[in-house]
Amino acid sequence: MRGPPGLCVEVYDEGSGGESSDDNFSQSPILNIKFQKRPTSIRNLRLQNANSPTAGTTALVTWDASTNTDTYHIYWRNRRSGEQTWRLHSQNTINKKLVNADEIVVVAANAYGLSQAAKLRLSSDGGQWVKSSGVVD
């Protein structure tokens, strides 16, 4: 599997000669409606029992419900064990038990597109979970 999706959208106005601008986007009612119907960003992505003595390598990942969402895509992998391939599980609930993960990405989806991804990763010293933003490699 290639991995979690990145989101990069450029919008062009027909008469702009290929130049994108925020003004062109806001003046396009069709695109504006489509983007308003996309799911909202994932908020409050967290691990409920990470680093618990009884949890071992298992953690419950939870997040707040996203508006306009049909499905959540949860990606995870464990780079420390040499795993480079992302695993994927899709569901419509707001929690997932994961085993042996050091990177987690959650994306909301519907027929109009994807939300911005939320990401957690285990710090390089392996001691704390850190929220990340931006492009997922």
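Throughout, read-outs are computed from the coordinates displayed, never taken from laboratory work. Owing to the predicted nature of the structure, the values given are computational and were not obtained by experimental measurement. Every residue, glycine as well, gets a Cβ built from its backbone with ideal geometry; the counts of neighbours run over all protein chains shown.
Stretching the chain fully between residue 46 and residue 89 yields a gain of 13.8 nm (0.36 nm per residue, less the alpha carbon separation).
Taking other C-beta atoms within 10 Å as the exposure proxy, 131, 96, 119 rank 131, 96, 119 from fewest upward. Each residue, residue 99 and residue 79, gets one label point 7 Å from its Cα in the Cβ direction; the gap between the two is 2.4 nm.
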